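Following this message is one structure expressed as structure tokens.
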Amino acid sequence: MMQKKKTLRLESPNLPDDLSDVQLHEIQSHDFIESKIIQNCLIEHQKATNVCFEKTHFQNVTFSDSSLTGVELTDVLFEKCDLSNVDLSNAIIHRTEFRECKMVGMNVTEVTLRNVLFEKCLADFSTFRFSNAKQVIFQDSFLSKADFSYSKFQKMEWSRTHIDQAQFSGTKLEGIDLSDCQFDALTKTDLNTFLSC
């Protein structure tokens, strides 16, 4: 008898019912944005550090040519957003969901992930290098040639996700069930080659 795959239980974003609808035209370093819904807009050419979003719902938002390094996301929902090539390196992401988002080439190097769901996302070529992830689910998503090198995983679930040629060099995969993911090969690189680039 085939053993049923275990399913993680994540803490969902705690979003209030009375979110204020705002248009976000400019983001400054150290901004604190809370209890907002931001929808149907383009956020472009933003460069800021250590921004904090709490209890925020992004819906149909496109981020273009933007860098939000060190961003903190707590109780945040992204629905049908485009974060392709956005730099979110050194982010702290907690109780956050990405649903039907495009994040091709997104940079989340050295990200901390806690209770995070990626569902039906297109995240090929994204970079999760040196990430620290606990209680994270990738479901029905595309992560071909994504880079998870030298990351720490704990309580991760990968379900029906394309990970062909994804990089996991230096990352322990013990206890990680990839049985229903699709891939021909997983790629390994040498750390010294990466550090010399």
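Subtract the Cα-Cα distance of VAL22 and GLN154 from 0.36 nm times their separation in residues, and report this length gain in nm to one decimal.
Going from the current span to full extension adds 43.9 nm.
Further, regarding this structure: Principal axes first, then extents: for the Cα atoms of the chain, list largest minus smallest coordinate on each axis, whole Å, largest first.
Its Cα atoms span 49, 46, 22 Å along the three principal axes.
Of the heavy-atom accessible surface of the range 117-165 (probe 1.4 angstrom), what whole percent is carbon and sulfur?
Looking at the range 117-165 in its full context, I get 46 percent from C and S.
Return the sequence-ordered ³J(HN,Hα) values of the range 142-157 in whole Hz as given by the Karplus equation 6.51 cos²θ - 1.76 cosθ + 1.60 applied to θ = phi - 60°, using x for Gly and Pro.
10, 10, 4, 6, 6, 10, 10, 4, 6, 9, 10, 10, 8, 6, 10, 10
Okay, moving on. Evaluate the charge dipole of the chain about its Cα centre and quote only its size in Debye, nearest 20, assuming +1 on the Cβ of each Lys and Arg and -1 on the Cβ of each Asp and Glu. Don't jump to the answer; show the numbers that get you there.
Details: 21 positive and 29 negative charges, 162 e Å.
Around 780 debye, computed over the chain.
A further question on this structure: Go through the range 49-56 residue by residue and turn each phi into a ³J(HN,Hα) via Karplus (6.51, -1.76, 1.60, θ = phi - 60°); whole Hz please, and just put x for glycine and proline.
Computed from phi, the couplings for the range 49-56 are 10, 6, 7, 10, 10, 10, 6, 10 Hz.
First select every other residue whose beta carbon is under 9 angstrom from the beta carbon of GLN139; then total the charges, Lys and Arg +1, Asp and Glu -1.
Neighbour charge sum, excluding GLN139 itself: -1.
What full-extension length gain, to one decimal in nm, is calculated for THR49 and ASP140 as 0.36 nm per residue of separation minus the Cα-Cα distance?
Once the chain is fully extended between THR49 and ASP140, it gains 29.7 nm.
Place the peptides 157-164, 7-14, 74-81 in order of packing, highest mean first, counting for every residue the other Cβ atoms within 10 Å and averaging per peptide.
74-81, 157-164, 7-14
Follow-up question, since we're still on this one. So, by mean Cβ neighbours within 10 angstrom, what's the order for 177-183, 98-104 with the highest one leading?
For the peptides 177-183, 98-104, the packing ranking is 98-104, 177-183.
On a full-extension model of 0.36 nm per residue, what is the gain between PHE32 and SER179, subtracting their alpha-carbon distance, rounded to one decimal in nm?
Extra length available between PHE32 and SER179 comes to 48.8 nm.
Per DSSP H run of at least 4 residues, take -39500 (n - 2.57); add these up for the chain, divide by its residues and hand me the 222 nm value, nearest 500 deg cm²/dmol.
-500 deg cm²/dmol
Would you look at the GNM of the chain, springs on alpha carbons closer than 10 Å, and say which of ALA123, ALA48, ALA166 moves the most?
Result: ALA48 has the largest fluctuation of those listed.
Give, rounded to the nearest 20 debye, the magnitude of the charge dipole that the range 1-95 has about its Cα centre when Lys and Arg contribute +1 at Cβ and Asp and Glu contribute -1 at Cβ.
740
The values are calculated or read from the model by the stated rules, or taken from the named source; none is laboratory data. Every value quoted in this text rests on a predicted model; they were computed, and no experiment measured them. As a convention, Cβ positions derive from the backbone with ideal geometry for all residues, glycine included, and neighbour counts pool all protein chains shown. These accessible areas exclude ligands, DNA and RNA; they are computed on the full protein's heavy atoms, side chains included. Shrake-Rupley method; radii C 1.70, N 1.55, O 1.52, S 1.80 Å.
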